[in-house]
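Input: a single structure, listed below in structure tokens.
The values are calculated or read from the model by the stated rules, or taken from the named source; none is laboratory data. None of these values were measured; they are calculated from a predicted model. Backbone-built Cβ (ideal geometry, glycine too); neighbour counts: all protein chains shown.
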Amino acid sequence: MSIILSYVAVGQVLFNDEGLAGRNGRNPTNGSTFLEGIAFAALAIGLLCQAAITTWSLICAKNIVATWESDPLNNALACLTSPPQHPDTAGEDNFGPRLSSLISSSTNPLSSPNTPLLHQANMFQTSVSAKRVIYGLWLVFLATLVWAITIHFLTRAHGFPQNNGAGFASSLGLLNINMLAKDADPPQAVLDVLSLLFVVAFQSYLTIGLHCAELIVNVSRDEDAWRDASRLHGKGAQLSLNAVQTAFASWKTIVLFLFKASVHWMFGRSLRGGGTARTIDFYVGPLWILSALTFLLAAFGTFLAFKRPHGSQPAAYGQLQTLAALIDDWAEEGENLYWGDKGPGTKPGTRLAGTSGDKTKLGPINHECLYQFTHDRGVATSQEVRPSNGVEMAEEAQAPDTETETGESLPLINMRLPPPSLHPKYPTQ
């Protein structure tokens, strides 16, 4: 709620009485621009609430959060090298016993080896949350469109259909709505507060829609970071980027940033509350543009959700459990991470797909072979990390299987995690 209040207040800080001076619609005059004191106070309250929530979260998360990185690979590494954060998870790692369900059943090598796919399942197919977000984005567009159509026809019937010379906001029409009865005469400050709350009610659903779009963008960006590892002729997946570098290196984040700025700015141009008229004014022109922006936003989110990743590398979509199962050899400090063919697998007639910090040890995926894509973390977790002994993967593939306490057979795969000296950010304890 605090972030919604902040967005609303920013849009109302500068108040222009455009259209209020000439109420007959014949000779409108451009009024002066004022600074709205109530909006400044609301902005201060919103920022104060956000700062308080952030500080409280930092205090409560002390010695609990393993890393503040936003990169999914760094987060997976931090969870692997950190002890369990809950006392009831003794003997397990920070992921728990469940493997992510985002690996499609047709490519689940924990049950049997599989042939590599040319395209992976998209986000809409693998995540129920992604479906809800996409539906929510289109509902935001429909609500904005209905709002624009309603104000358009009400303006034709009861407002000022066209105010030529009154500026962009009211050039296509202006509708004024009285908030209180004519005989009511409360203090002006009360009217300003009620106007601000009235605007908050309209902007709440819009802010939620933008944050839903951010979820889609973040998941898609996480998948891009993981898929960089399959580019054996490129830089691979970089583990050294911080959150700011990761965000500005993604065109999807930049596009979302532009959407956020333009949508909130256009919303502020669509209606005005407070001022000397004790009313709220709706502007038809900005409302139509706002509807177009929400349509483009929903289309952008739908494109990301339905886009199928190309290549044989299994999709993870930022799921830390999936990444921990797919990555068997973490790169050392300063190295990038690569993914590809690592030679014969642990089962006859299969090959192993995995990761390495040295791309010369990897080869391209053969689509005519059966591959083991995931690696059981029960072999080496944060409590029992077996360092790399330099044995070639072909020799590792001939090692016998081990058995768990329940009698299940586990492939003896070299799950190599970096020692604390190589990754000082995530020291093992």
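Of note:
- Checking P116, P109 one by one, the residue that is over 23 Å from the mean Cα position of the chain (by Cα), buried (at least 20 other Cβ atoms within 10 Å of the Cβ) and modelled with pLDDT of 85 or more is P116 and no other.
- Residue list for the range 262-283, filter: of a type in the set (A, V, I, L, M) and modelled with pLDDT under 80: L271, A277, I280
- Residue match in the range 232-243 (condition: assigned to a helix (DSSP H, G or I) and surrounded by fewer than 16 Cβ atoms within 10 Å (Cβ to Cβ)): yes
- Residue in the range 334-341 that is closer than 19 Å to Q238 by Cα, among the small types (G, A, S) and either in a loop (DSSP other than H, G, I, E, B) or in contact with a helix residue (DSSP H, G or I) (Cβ under 9 Å, 6 or more places away or on another chain) (or both) present: yes
- Scanning the range 305-333 for residues that are hydroxyl-bearing (S, T, Y), closer than 30 Å to G136 by Cα and either part of a loop (DSSP other than H, G, I, E, B) or more than 24 Å from the chain's Cα centre (by Cα) (or both) turns up just one, Y317.
- Of the residues examined, D222 is not one that is in contact with a strand residue (DSSP E or B) (Cβ under 7 Å, 6 or more places away or on another chain), in a helix (DSSP H, G or I), modelled with pLDDT of 80 or more and among the acidic types (D, E).
- The set of residues from the range 221-250 being more than 16 Å from the chain's Cα centre (by Cα), closer than 21 Å to L304 by Cβ and not acidic (D, E) comprises R227, A229, S230, R231, A237, L241.
- Selection status of E92, among the acidic types (D, E), modelled with pLDDT under 80 and under 30 Å from S240 (Cα atoms): yes
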